Amino acid sequence: MVSSSKDDMMSETAENQTEPKGATTHFGFKTVAEDAKADMVKGVFNSVAKRYDIMNDVMSVGVHRIWKNSLIDSLNPRPGMHLLDLAGGTGDIAFRFLDAVRDGTVTVCDINAEMLAVGQERAVAQGYADRAEFVCGDAMKLPFDNRSVDAYTISFGIRNVTRIEEALSEAFRVLKPGAKFYCLEFSPQVVPVLQKAYDTYSFNVIPKMGEMITNDRDSYQYFVESIRRFPTPQKFADMIKAAGFSRVGWRSMSAGIAAIHTGTRI
């Protein structure tokens, strides 16, 4: 097996692309027109929607379930709470929340209609339909009122947003005073002793798994690249503070592979 490092992949990608005109952003290691990224991300999740959760189990060996349960524990659901869950189309976080509080309600907002369709089907099948609504919307321009939700969660989704600062500002806007923002996301670096093995697994194994399980290698190549382009926990914490949040912090898990970031709207 030939190992591909992050630096090698970024260098090769840069050499093989033409710089787009106008405002740009990243799509994995590629530089793309800013106004093109959202449709590219939609294409990724349209392709893998029906097998997305299965792939999460396989590539994390089930550990993503522990991370998500830890997120719900941090959220500490209380009776009557209304949660806004962003980028959670399949309902994985929403249903955990509803299981934790019997009279809570959740709005799942996702830019991808295919992911939402999977979540709606599961909500009906599993008896959550009366407490869960599914809304197609953009994290950078939420279709919800100011100060209208008790908590905001986003899991493994914010790194796919074109302008993360705008998504954070929108999260702040829709939260009630005293309510909290929670973000479960991968980190670009793990503990140093594991970094080489982690990169080898990410770049050489995960795309092959994606090809085998979802018949889509490219989407999972983007997946591992997008993690490396995400800010470090400290830099992301600074972005959360800049959006207006107080009591900002994070908790790393699994040797730094993932972290739960939090902030409070005062």
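Some notes on this structure:
- Among the conditions (1) at pLDDT 95 or above; (2) in a strand (DSSP E or B), His26 misses just one, which is (1).
- Within the range 125-179, tally of residues that are polar (S, T, N, Q) and either buried (at least 22 other Cβ atoms within 10 Å of the Cβ) or touching a Leu at 6+ places or on another chain (Cβ under 6 Å) (or both): 3
- When the range 49-72 is filtered for residues that are at pLDDT below 95, surrounded by 16 or more Cβ atoms within 10 Å (Cβ to Cβ) and farther than 23 Å from Tyr198 by Cα, the ones remaining, listed by number, are Ala49, Arg51.
- Within the range 222-245, the only residue that satisfies the criterion of being surrounded by fewer than 20 Cβ atoms within 10 Å (Cβ to Cβ), over 15 Å from Ile158 (Cβ atoms) and in contact (Cβ under 8 Å) with a residue 60 or more places away in the chain is Gly244.
- Qualifying residue in the range 243-264 (condition: in contact with a Phe, Trp or Tyr (Cβ under 7 Å, 6 or more places away or on another chain), in a helix (DSSP H, G or I) and small (Gly, Ala, Ser)): no
- Filter pass, Ala179 being in contact with a strand residue (DSSP E or B) (Cβ under 8 Å, 6 or more places away or on another chain), hydrophobic (A, V, I, L, M, F, W, C) and outside any helix (DSSP H, G or I): yes
- Output for the range 159-189, where each listed residue is of a type in the set (Ser, Thr, Tyr) and either under 19 Å from Arg228 (Cβ atoms) or more than 15 Å from the chain's Cα centre (by Cα) (or both): Thr162, Ser169, Ser187
- Test set (1) among the polar types (S, T, N, Q); (2) within 26 Å of Gly104 (Cβ to Cβ); (3) touching a residue at least 40 places away in the same chain (Cβ under 8 Å); (4) not in a strand (DSSP E or B) - Asn146 fails condition number: (3)
- Within the range 73-90, considering residues that are buried (at least 20 other Cβ atoms within 10 Å of the Cβ) and among the hydrophobic types (A, V, I, L, M, F, W, C), the one nearest to the chain's Cα centre (by Cα): Ala87
- The set of residues in the range 191-220 that are β-branched (Val, Ile, Thr) and either in contact with a strand residue (DSSP E or B) (Cβ under 9 Å, 6 or more places away or on another chain) or exposed (fewer than 14 other Cβ atoms within 10 Å of the Cβ) (or both) comprises Val191, Val193.
- Condition check for Asp85 on (1) of a type outside the set (Val, Ile, Thr); (2) closer than 27 Å to Ala255 by Cα; (3) without any contact (Cβ under 8 Å) to a residue 60 or more places away in the chain; (4) not in a helix (DSSP H, G or I): one failure, at (3).
- The one condition in (1) more than 15 Å from Ile260 (Cβ to Cβ); (2) outside any loop (DSSP other than H, G, I, E, B); (3) among the hydroxyl-bearing types (Ser, Thr, Tyr) that Thr90 fails to fulfil: (2)
- Complete set of residues in the range 207-227 that are over 17 Å from the mean Cα position of the chain (by Cα) and among the β-branched types (Val, Ile, Thr): Ile213, Thr214
- You will find that of Thr153, Thr107, the residue that is assigned to a strand (DSSP E or B), in contact with an Asp or Glu (Cβ under 7 Å, 6 or more places away or on another chain), of a type in the set (Val, Ile, Thr) and in contact (Cβ under 8 Å) with a residue 60 or more places away in the chain is Thr153 and no other.
- Scanning the range 246-259 for residues that are in contact with a Ser or Thr (Cβ under 6 Å, 6 or more places away or on another chain) and buried (at least 20 other Cβ atoms within 10 Å of the Cβ) gives a single hit, Ala259.
- Counting the residues of the range 102-124 that are surrounded by fewer than 17 Cβ atoms within 10 Å (Cβ to Cβ) and closer than 13 Å to His82 by Cβ gives 1.
The values are calculated or read from the model by the stated rules, or taken from the named source; none is laboratory data. Everything numeric here is computed off the predicted structure, so don't read it as measured data. Glycine also receives a Cβ, built like all others from the backbone with ideal geometry; neighbour counts cover every protein chain displayed.
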